[in-house]
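Let me begin by presenting the structure, written as structure tokens, before commenting on it.
Computed from the coordinates by the stated procedures, all read-outs in this text should not be read as laboratory data. Source: prediction; values computed, not measured. Positions of Cβ are backbone-derived with ideal geometry, glycine not excepted, and every protein chain shown enters the neighbour counts.
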Amino acid sequence: MQDRNKLIKIFLEKNSQINLSAIRDEEGVRVKHIQDSLELYKVLRLQKHRQVCDVWTGGGFPLLPLAISNPDVSFIGVDSVGKKVKAVNLMIEELWLKNVKALRLRAENYTTKFDVVTARAVAYMDKLLPRVVPLVRQGGHICLYKQFSEDEKKELLSLCKRFSLKLEKEHKYSLFEWDPAKDGAGVERVIYVLKK
């Protein structure tokens, strides 16, 4: 818990210097970034000595909360935006994390294979899957954090056939209970767990 509070403080400091996220308050970072990142544990346990790649890591979510919570797992964050990668690496240093680093490169140019690949709120399925499938070992998992959409789910199922992926789990959840912009309804999110 202490490390998460430190992450919030460091993230807000970096976010004020470099635009990493539109979320600029402690509670927003706690719920919309950290809590959302850790929702993965409801569908997948990261085993010791596994290797995880977070593509388009941006401001470091889910990369940093997962790395803090799993000291025996190795994490790589990949992003093509240099200032974001630099900010994430500075946060890693300030948090004294030894099991994680961020690299500036495009996901499609990375040739390493991982046990798990995560992607949170990034591209549409037709752009995302062709870039991440090559990063996953046979038998490994792709975990996609998305805002739920029936149309996107249909597209995902079609792409799973094309890339020989199995949709193992579909975890729907509400990111937070109260959203005035949605007349009080929570934002419906989903994590898709795909097996290669």
> Relative contact order (percent) for the stretch 2-195, with alpha-carbon contacts under 8 angstrom and 6 or more residues of separation?
Replying inline: 17
> For the stretch 2-195, what's the radius of gyration and Dmax over Cα atoms, in angstrom?
Replying inline: 16.0, 45
> Within a Cβ distance under 13 Å of C143, other residues only, what is the Lys/Arg minus Asp/Glu net charge?
Replying inline: +3
> Considering amide H positions built from the backbone, and no H for Pro or chain starts, which residues 5 or more places from V117, or on another chain, come under 5 Å of its amide H?
Replying inline: C53, H141, I142, C143
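Write down the percent of antiparallel bridges among all DSSP beta bridges whose residues are both part of the chain, to the nearest 5.
Given both bridge residues lie in the chain, the antiparallel proportion sits at roughly 45 percent.
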> Based solely on its DSSP helices, what 222 nm [θ] is calculated for the chain when runs of n ≥ 4 H residues each add -39,500 (n - 2.57) and the sum is averaged over all residues, nearest 500 deg cm²/dmol?
Replying inline: -9000 deg cm²/dmol
>> Within a 10 angstrom radius of the beta carbon, how do F61, F148 rank from fewest other beta carbons to most?
In response: F148, F61
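Can you pull out the trypsin sites (Lys or Arg not before Pro) in the stretch 89-126 whose DSSP state is coil and whose Cβ has at most 13 other Cβ atoms within 10 Å?
Answer by residue number: K98, R106.
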> How would you rank D126, D54, going from fewest to most other Cβ atoms within 10 Å of each one's own Cβ?
Replying inline: D126, D54
> Do any trypsin sites (Lys or Arg not before Pro) in the stretch 1-44 lie in a DSSP loop with no more than 13 other beta carbon atoms within 10 Å, and if so, which?
Replying inline: R24
> Summing +1 for each Lys or Arg and -1 for each Asp or Glu, what net charge is found among the other residues whose Cβ lies under 15 Å from the Cβ of E94?
Replying inline: +4
